[in-house]
Amino acid sequence: MMELLSSEKVLNNFEVATVDDLFVAVSGRKPTANAIIEFLKIKKPVDIPTGNGSVKTRGGKNACPVYCKGVDKIAISLANCCTPLPGDEIVGYISKGKGIVVHRKDCPNVANVKERLVDVYWRKDIESATYPVDIMVEANDRDNLLINIMTVLTNAHVPVSNVHAQKTNGGTVALFSLTLLVSDAKRVNDISSILMNVRGVYEVRRIIH
């Protein structure tokens, strides 16, 4: 079906340059999905974006923890910049050539592309899994600070895949960038509360790249 939508005949008729632009246009109902179906003279369910940013499709379960209503055959992936987690408020960005990329709603990287955004949702039947999330820990530097932080994370059974440390403000402030593997946004909030109890730590926040 993607071959039909990306054909020169279809793109020229609806005055768009690419099939991604066609998806954006249909999400705003200019044209409607029905208009495309009628133009192609199709009488069976196909992968056509509807007015609310979804598509009609013949099925097939998507392994991604996020879905766009009616979409099964368009790739959906989680953005690396804001590392969305189950429980976060999210939005889908219709990318060029990569399908729908899911961002947190407060991600500044999608703040100025409203015309390419579609509604997406976390699946209710998400299987048990962990997702990477980057956090920044700021603290007044002292001896054994990193050891204390890592001990707290170990005791809380939080896998850590990456740690980067640096000092600022003349060496008095320590910054720790950590990549954690967690199940959802609530887990991050719980971990942040635990880390705030470490002596010297005064801020824990998620990183947006």
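The values are calculated or read from the model by the stated rules, or taken from the named source; none is laboratory data. From a predicted model like this one, the values you see are computed outputs, not experimental measurements. All Cβ positions, even for glycine, are placed from backbone atoms using ideal geometry, and neighbour counts span all protein chains on display. In case anyone asks, the SASA skips ligands and DNA or RNA and just uses the protein heavy atoms, side chains included. Shrake-Rupley method; radii C 1.70, N 1.55, O 1.52, S 1.80 Å.
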Q. Expressed as a fraction of 2.2 N^0.38 Å, the rule-of-thumb size for a compact globular protein of N residues, what is the C-alpha radius of gyration of the range 137-187?
A. 1.22
Q.
Could you compute how much accessible surface residue 209 exposes when probed at 1.4 Å, giving the result in Å² to the nearest 10?
A. 120 Å²
Q: Could I have the simple spin-label model distance between residue 105 and residue 89, label points 7 Å from Cα toward Cβ, reported in nm to one decimal?
A: 0.3 nm
Q) Tell me, in nm to one decimal, what length is gained between residue 81 and residue 69 on full extension, where the rule is 0.36 nm per residue of separation less the Cα-Cα distance? A) 1.9 nm
Q. Using a basic spin-label model with each label point 7 Å from the Cα along Cα→Cβ, how many nm lie between residue 208 and residue 173?
A. 2.0 nm
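Give me the Kirkwood hydrodynamic radius of the range 155-209, using the inverse of the mean 1/r over all pairs of distinct Cα atoms, in Å to one decimal.
Values: mean 1/r = 0.0802 Å⁻¹.
For the range 155-209, the Kirkwood estimate is 12.5 Å.
Over the range 75-154, what portion of Cα pair distances is larger than 19 Å, expressed as a whole percent? Kindly include the intermediate steps, with their values, before the conclusion.
Details: 1548 of 3160 pairs.
Distances greater than 19 Å cover 49 percent of the Cα pairs.
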